[in-house]
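The structure appears right after this line, and notes come after that.
The values are calculated or read from the model by the stated rules, or taken from the named source; none is laboratory data. A quick note: this is a predicted structure, and the numbers were derived from the prediction, not measured. Cβ placement follows ideal geometry from the backbone for every residue including glycine, while neighbour counts extend to all protein chains displayed.
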Amino acid sequence: MKITRRTAVTAMISATALPLLGGSRAFAQKTIPLTIASSHPLIIPWVGPLKTVIVDKSNALLEERGSDYRIDWTEAFGGTLYNFNETLEAVTTQLTDMGWIGSLFEPASLPLQNIMYSTPFATQTVAQAINTMNLLNAEQPAMKEEWAKQKIRFFGSCCSDGYSLYTKKPIEKLSDLEGLKILGGVSLAPWIEPLGASLVATGIPQMYSQVQTGVGDGVLLISTGAYPLKLHEVAPYVTRVDTGPLTFGGFGINADTYASLPEDVQQVLAELGGEYSEENARLIVAREKQVFEAFEKEGAHVSDMPMEQKKEWVDRMPDLGKAWVEATEKPGVPARDIMKAFMETVKAQGAEPLRDWSANI
């Protein structure tokens, strides 16, 4: 689908005179039409808070602070405006004023935002992951500039739970993965192939049928994504690896739209952007607990990968940190400094990385 720039709506402000209770004076309450959208449905933990936090709380907060402004929201969730691989372009071109942006679909345009795909086993909690990336986006000029080049004001990272294995046979030791065909995103190849398995790059909707028909022997996927697919029906051995929660984009607003807004509206949206991250984190923690309970209840064989196996796994991976720096570093993109800042920040958030991905850069 080719995206065309839509007519900006932020200049279209209508005024409606409302009487003040108990007096004859009236004030003009100004309405600002804004569109918020996503390529995925509201059931997704990083999309739902766009509605429950950004939309549902914005006008109440403006009223509470005595603002004359209210937002008239147009909501376009679930891919009604654009597809999953157009989340950045849609906001950049003002097809939507704001929404969820998936950096994982934009490795060329947003390489710094994808750093966590090159730092597995670095975090243990969703809070560590989200706080790290929100701090880097707030404090690192290169991170800000990456968004600015796309005409985006970025306000809150989104996060998922860590990856686990869903296989047809039990995985009791890493050597059990040798020779297996593991389905997953292409970015996961350097994670799984050092163990002697081969990655079959695919999309989430195809995973169930591909395991069922033998295209793959298992799947490497986040648990909150695996359960809705019912992967445990065809791959009943669930090995909770927990490669560490990771971020992959978040909530952004078109820079021209944001600049056109009154200061008090800007402030409310910026604050709610931070709350968006907090709600996403809360949902991930709650749902991860629920899905693992459901796996066991529905007959899957659930086991936790021992820590010594995790350490062996991460040590057998190539130097992903160095590779990411070499691939990303160029004039104006200080990938080396960002990698060092990432590792320092994640540790400051209380994480205990199983490998220092900045060690050889």
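Filter the range 43-69 down to the residues that are farther than 26 Å from VAL126 by Cβ and either among the polar types (S, T, N, Q) or buried (at least 17 other Cβ atoms within 10 Å of the Cβ) (or both) and list them by number. Answer for the range 43-69, where residues must be farther than 26 Å from VAL126 by Cβ and either among the polar types (S, T, N, Q) or buried (at least 17 other Cβ atoms within 10 Å of the Cβ) (or both): ASN59, LEU62, SER67, TYR69. For the structure I just gave you, tell me whether LEU112 is outside the structural domain of PRO262 (by TED's automatic domain parsing), aliphatic (A, V, I, L, M) and either surrounded by 18 or more Cβ atoms within 10 Å (Cβ to Cβ) or free of Cβ contacts under 8 Å to residues at least 40 places away in the same chain (or both). Spelling it out, LEU112 is indeed outside the structural domain of PRO262 (by TED's automatic domain parsing), aliphatic (A, V, I, L, M) and either surrounded by 18 or more Cβ atoms within 10 Å (Cβ to Cβ) or free of Cβ contacts under 8 Å to residues at least 40 places away in the same chain (or both). On inspection, ARG65 does not qualify as touching a Ser or Thr at 6+ places or on another chain (Cβ under 8 Å) and of a type in the set (D, E, K, R).
In this structure, ALA76 does satisfy being out of contact with any Cys (no Cβ under 8 Å at 6 or more places or on another chain), surrounded by fewer than 21 Cβ atoms within 10 Å (Cβ to Cβ) and of a type in the set (Gly, Ala, Ser). Contact annotation: residue pairs with Cβ atoms under 9 Å, 6 or more positions apart or on different chains, pairing a residue in the range 227-239 that is in the same structural domain as LYS310 (by TED's automatic domain parsing) with a partner that is surrounded by 22 or more Cβ atoms within 10 Å (Cβ to Cβ) and among the polar types (S, T, N, Q), are ALA235/THR167; PRO236/THR167; TYR237/THR167; VAL238/SER164; VAL238/THR167; VAL238/SER223; THR239/SER164; THR239/THR167.
For the range 44-67, name all the residues that are without any contact (Cβ under 8 Å) to a residue 24 or more places away in the chain, of a type in the set (A, V, I, L, M) and either closer than 28 Å to ASP161 by Cβ or in contact with a Phe, Trp or Tyr (Cβ under 8 Å, 6 or more places away or on another chain) (or both). Steps first, answer last, please.
As a first pass, look at the range 44-67 and keep what is without any contact (Cβ under 8 Å) to a residue 24 or more places away in the chain: 44, 55-56, 59-60, 63-64, 66.
From what's left, of a type in the set (A, V, I, L, M): 44, 55, 60.
Passing the criteria: ILE44, VAL55.
Taking the criterion of being at pLDDT 95 or above and in a helix (DSSP H, G or I), the residues of the range 104-113 that qualify are LEU112, GLN113.
VAL325 passes every criterion in (1) surrounded by fewer than 20 Cβ atoms within 10 Å (Cβ to Cβ); (2) without any contact (Cβ under 8 Å) to a residue 40 or more places away in the chain apart from (1).
Rundown of residues vs (1) under 24 Å from ASP356 (Cβ atoms); (2) assigned by TED's automatic domain parsing to the domain that holds ASN59; (3) touching an Asp or Glu at 6+ places or on another chain (Cβ under 9 Å), yes/no style:
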| site | (1), (2), (3) |
| --- | --- |
| LEU272 | no, yes, no |
| GLU279 | no, yes, no |
| ALA294 | no, no, no |
| HIS301 | no, no, no |
| GLU308 | yes, no, no |
| GLU312 | yes, no, no |
| ASP315 | yes, no, no |
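Within the range 70-84, no residue that is in the same structural domain as THR35 (by TED's automatic domain parsing) and within 19 Å of PRO33 (Cβ to Cβ) sits with its Cβ atom under 8 Å from a residue that is assigned to a strand (DSSP E or B) and aromatic (Phe, Trp, Tyr) at 6+ positions apart or across chains.
So is ALA255 in contact (Cβ under 8 Å) with a residue 60 or more places away in the chain, in the same structural domain as ASP68 (by TED's automatic domain parsing) and of a type in the set (Gly, Ala, Ser) or not? Spell out how you get there, then give the answer.
Working: in contact (Cβ under 8 Å) with a residue 60 or more places away in the chain: yes; in the same structural domain as ASP68 (by TED's automatic domain parsing): yes; of a type in the set (Gly, Ala, Ser): yes.
In short, yes.
Going by the structure shown, is GLY274 touching a residue at least 40 places away in the same chain (Cβ under 8 Å) and at positive phi? So GLY274 fails the test.
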